[in-house]
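The values are calculated or read from the model by the stated rules, or taken from the named source; none is laboratory data. Note that the structure is predicted; figures quoted are calculated from it, not measured. FYI the Cβ positions are ideal-geometry reconstructions off the backbone, even for glycines, and counts take in every protein chain you see. Surface areas here come from the heavy atoms of the whole protein model, side chains and all, with no ligands, DNA or RNA. Shrake-Rupley method; radii C 1.70, N 1.55, O 1.52, S 1.80 Å.
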Amino acid sequence: VIDGAMDTSVQKYKLVEADYRGALYADHSVDLKGNNDLLVVTRPDVIEEIHNNFLESGADIIETNTFNGTFISQGDYNLDTYEDVFRINKAAAELAKKCTTAWTQNDPSRPRFAAGAIGPTNKTLSVSPSVENPAFRGCTWD
């Protein structure tokens, strides 16, 4: 059994911009509300509670909260640096693993697992966004 919808679960917390910014991004140049992947850094308590709720409900596998933890997706928030993207993905993996390890230790007969998650981006690699130049790509594989 795999966990459920992370973004829907986050919405129930009615978080505000300050929750997404935390101390680390308090002076960031753009709004961060809606960047749910960033919450593993700024509000890990919320994501940990959601993970544990899924595990308590019977999930054997929980996904890291990294659906948009890519350079392309984080570019929407001006967080598309190696440091920021790495920080998000590392924190998400560590948090999911922490939760599954604790649940497995409580009941070794039923191991729990953390699975990495990655979603689509807002850019397509197979079709040009430019009608005038069908060979153009908004991003490359490099």
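For this structure, a couple of remarks:
- Given (1) at pLDDT below 95; (2) among the β-branched types (Val, Ile, Thr); (3) over 15 Å from the mean Cα position of the chain (by Cα), index of the condition residue 72 fails: (3)
- Selected residue (criterion: surrounded by the fewest Cβ atoms within 10 Å (Cβ to Cβ)) from residues of the range 63-85 that are among the charged types (D, E, K, R) and without any contact (Cβ under 8 Å) to a residue 12 or more places away in the chain: 83
- Verdict on residue 1 being buried (at least 17 other Cβ atoms within 10 Å of the Cβ) and among the β-branched types (Val, Ile, Thr): no
- Number of residues in the range 86-142 that are open to solvent by 40 Å² or more (accessible area, probe 1.4 Å), β-branched (Val, Ile, Thr) and closer than 24 Å to residue 43 by Cβ: the value is 3.
- Condition met for residue 88 (among the β-branched types (Val, Ile, Thr) and within 12 Å of the chain's Cα centre (by Cα)): yes
- Residue in the range 19-50 that is surrounded by the most Cβ atoms within 10 Å (Cβ to Cβ), counting only those that are part of a helix (DSSP H, G or I) and of a type in the set (Ser, Thr, Tyr): 42
- Among the residues of the range 4-18, those identified as polar (S, T, N, Q) and open to solvent by 30 Å² or more (accessible area, probe 1.4 Å) are 8, 11.
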